[in-house]
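Reviewing the structure listed below.
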Amino acid sequence: MRFTLTLVIIIFGHTALASTEVFFSPADSAKKRLVTAIHAAENSLDIATFQFTSVDVAEALVEAKNRGTRIRILADENESQNGQSVIPFLQGEGLDVKYIKGRFGGGMHHSFVIADSKAVFTGSYNLTEYSDKFNFENAIFTDEPRLVNKYQTQFDKLYGDLLVKIPSPATETAVAEKEPKHFIGLSISHLGKILGEDSMLSDSDKKMMWGACRNQYVR
């Protein structure tokens, strides 16, 4: 169910209308509202995200970037390396990405999008298909100036403080591939029997077998 609230804001003697839309997943299409806002952005989009796996949102951001919208992304350092994350894709498309950790091993758990410094989309909703289709989530989209300014101030502060830009794929130094790990077809109990005290294997044979199993996964 979606609700739309209209607030009357009086600023320096002038009256302005501010609207706030409320979304609850999976009943409402919060993603559709967010993509609409991304398509409508003319100047800038600032995104702070913990999890980001939504292809629809990622493609909308690439389209925005290609039409000249300035895009800045703050991503959680650990989650951005997740195999399902679209952050590497966005980076490869030339979007400006930085990542951040929380304090003392914590995470960057923010989830909000600021459009043109005039509206903000935020809530428990992460930029994932699970948030849109399966999870119980909440999200709001508001253009109330006082709230938007607070989010913009926080984003600008985090974006400039102690952050590391993710290396560009074009300039990243090639790293030699590590030898892949494989499952070996022996159970731990079977290995124990082979290498136990009563085994007929010599000490050198035991060491050779353990060496062959090093860094391998055992079923």
*Express the accessible area of region 84-142 per residue in Å², computed with a 1.4 Å probe while the remaining protein chains stay in the model.*
50
*Counting only protein chains, not ligands or nucleic acids, how are K118, K31 ordered by accessible area (probe 1.4 Å), most first?*
K118, K31
_Full-stretch length increase - S29, Q154 - with 0.36 nm per residue and alpha-carbon distance subtracted_ = 42.3 nm
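What FRET efficiency would be calculated for the residue pair Q81, T20, taking the C-beta separation as r and a Förster radius of 45 Å, to the nearest 0.05?
Working from the Cβ atoms, E equals 0.85.
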*Largest first, what is the accessible-area ranking of V120, V55 with a 1.4 Å probe?*
V55, V120
_Using the basic label-point model (7 angstrom from Cα toward the beta carbon), what is the F104 to D56 distance in nanometres?_
4.0
*Would you tell me the accessible area of R146, worked out with a 1.4 angstrom probe on the heavy atoms of the protein chains, in Å² to the nearest 10?*
140
_If I model a spin label as a point 7 Å beyond the Cα along the Cα-Cβ vector, how far apart are those points for R70 and A40 in nm?_
2.2
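The values are calculated or read from the model by the stated rules, or taken from the named source; none is laboratory data. Owing to the predicted nature of the structure, the values given are computational and were not obtained by experimental measurement. Ideal geometry is used to build each Cβ from the backbone, glycine not excepted, and the neighbour counts take in all protein chains shown. The accessibility values were calculated without ligands, DNA or RNA, using every heavy atom of the protein model including side chains. Shrake-Rupley method; radii C 1.70, N 1.55, O 1.52, S 1.80 Å.
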